[in-house]
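Presented below is the structure to which this report refers.
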Amino acid sequence: MTRQGQKIIVKVGSSLLIGDDGKVRQAWLETLVADIADLEQQGHSLIVVSSGAIALGARQLDLESGGRASLADAQAAASVGQIALSRLWSTLFAEKQLTAAQMLLTLGDMEDRKRYLNATATLERLAEKGAIPVINENDSVATDEIRFGDNDRLAARVGQAASADRVILLSDVDGLYDRRPGSETEGQFIPVVEAVDDNILAMADGTSSSGMGSGGMTSKLEAARIANLAGIELSIISGREDHPLKRFAESGTGTVFRASRSENARKSWLGGRLTASGSITVDAGAVEALRSGNSLLAAGIISLDGQFMRSDVLDILDPEGQVIARGLAEYDAMDCARIIGRHSSELEALLGYAPRSAVIHRNQMVLV
C-alpha cells in the first residue's frame, strides 16, 4: 500500500465509528488502531481525522435526530461528544504505546493563510515528537455558513497542511461506482481515477447512506480534487470490515485518485480553499490566456462581484460562470471596477498611479 516513511491521513466517518445503537463500535475500532500502530512501527507517520463527536454527544444528551435537529443541538452534542471521542482515541492509542494529540479546526483555520501556517507548524512538531494528531472540525462553534460540512474535505485540507503523501477515506462503500450502488442498473466499480473531471463528478451522489454523517460521494470527490492539487494521492476504501487498512494493503481494493500534478504550497492552499471574497468573470480570450500560464489582465475582464480588497482570494469565472481559477487580487474592487476591459497602457491615467502588472498575477493564481 505504501512506500516507507510516508505521512498518511486516515479519515474515519461517523457511520463506521458509531453503530446503529448509538454506541461505539469498539471491537472494530481496536482493529483500526492496531493497523495504525503497525504502520507507525513500519516508519510511517499517521494523522487521524475522526468524525463521531455529534453522534456520541447526542446519545449522552438524549437529543433527537442524532443531534442534528438544529444548529444549537449539534453544537451542544459536539461539545459533550468531543470529550468522549478524545478519550476514546487516547485510551486506544495508549494501549499501543502511542501518544494521541487533539486538534479541533474550523474552516477559518484553513482559509486564513496565517492560521493555516500555524496549523502546519503544529502538525510538523507533533510528527517530530511521534504523536498522532486526532483532528475533527470544531462543531461546537462552527455555523452552517462557516464550516467544512464534512470531514472528507477537512481530511484533504489537513493533508495539504501536513504535506502528506496520501489520504485514505474509510467509507461505508468500497470506492467509486459510475452510479449509486443499489440502483436499478448495477454500477461499474472505478478502481483508478486519473483526474476529477465533469464525467467523474457526474457519478457522485451527495447523500450519506447512513444518515448519521454529513458527507457523501460528492464530498469525497471534492476531497480528491483538493488532495490531488497538492500532489497527494487519495483513496476511498471500505471500512466496514475489521482491519481496514491491513485489508487495503493486501488486496488493493478501493478507488485510487492519482495525483497528476503538485502545485507549490501557496498555490495548493489557494486551490483547496472553499471560500472566496469575490469573483471576476473573464472573456474567452482571457480563459485561453490563463490556461496557457499567463496572468489575468484588466482587458480580459467582463464583470466583478463582491467588495474585495487587495490580496483577497477571488474566483475567476469563464463566460458560462464556471470557476476556472483562483488567485489573490492585486487591486481592490473599487479600482478594479475602473479598469475593466481596459488595456494596460490606459491604466495609469485611469487610476492616477503606476498600475500593477496584472489584476491577478500568475504566481498568485492556480487553475482549478
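Computed quantities for the displayed model
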{"read-out": "Qualifying residue in the range 43-51 (condition: assigned by TED's automatic domain parsing to the domain that holds V134, assigned to a helix (DSSP H, G or I) and of a type in the set (A, V, I, L, M, F, W, C))", "value": "no"}
{"read-out": "Filter pass, L107 being out of contact with any helix residue (DSSP H, G or I) (no Cβ under 8 Å at 6 or more places or on another chain), at pLDDT below 90 and under 29 Å from L328 (Cα atoms)", "value": "yes"}
{"read-out": "Filter result (aliphatic (A, V, I, L, M) and either modelled with pLDDT of 95 or more or in a loop (DSSP other than H, G, I, E, B) (or both)) within the range 225-248", "value": "I232, L234, I236, I237, L245"}
{"read-out": "Every residue from the range 336-361 that is closer than 14 Å to L314 by Cβ, touching a helix residue (DSSP H, G or I) at 6+ places or on another chain (Cβ under 8 Å) and crowded, with 18+ Cβ neighbours inside 10 Å", "value": "C336, V359"}
{"read-out": "Subset of the range 251-262 [modelled with pLDDT under 95 and not small (G, A, S)]", "value": "T253, R258, R261"}
{"read-out": "Top-ranked residue in the range 351-368 [being part of a loop (DSSP other than H, G, I, E, B) and aliphatic (A, V, I, L, M); ranked as modelled with the lowest pLDDT]", "value": "A354"}
{"read-out": "Residues (under 21 Å from S251 (Cβ atoms) and in a strand (DSSP E or B)) located in the range 1-42", "value": "I8, I9, V10, K11, V12"}
{"read-out": "Out of A121, A94, A72, A84, sole residue that is surrounded by fewer than 20 Cβ atoms within 10 Å (Cβ to Cβ), assigned to a helix (DSSP H, G or I) and modelled with pLDDT of 95 or more", "value": "A94"}
{"read-out": "Neighbours by Cβ (under 7 Å, 6+ apart or cross-chain): first from the range 231-260, over 30 Å from V366 (Cα atoms); second of a type in the set (F, W, Y)", "value": "D242/W28"}
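The values are calculated or read from the model by the stated rules, or taken from the named source; none is laboratory data. Treat the numbers as computed from the prediction; the structure is a model and nothing was measured. We place every Cβ from the backbone using ideal geometry, glycine too, and count neighbours over all the protein chains shown.
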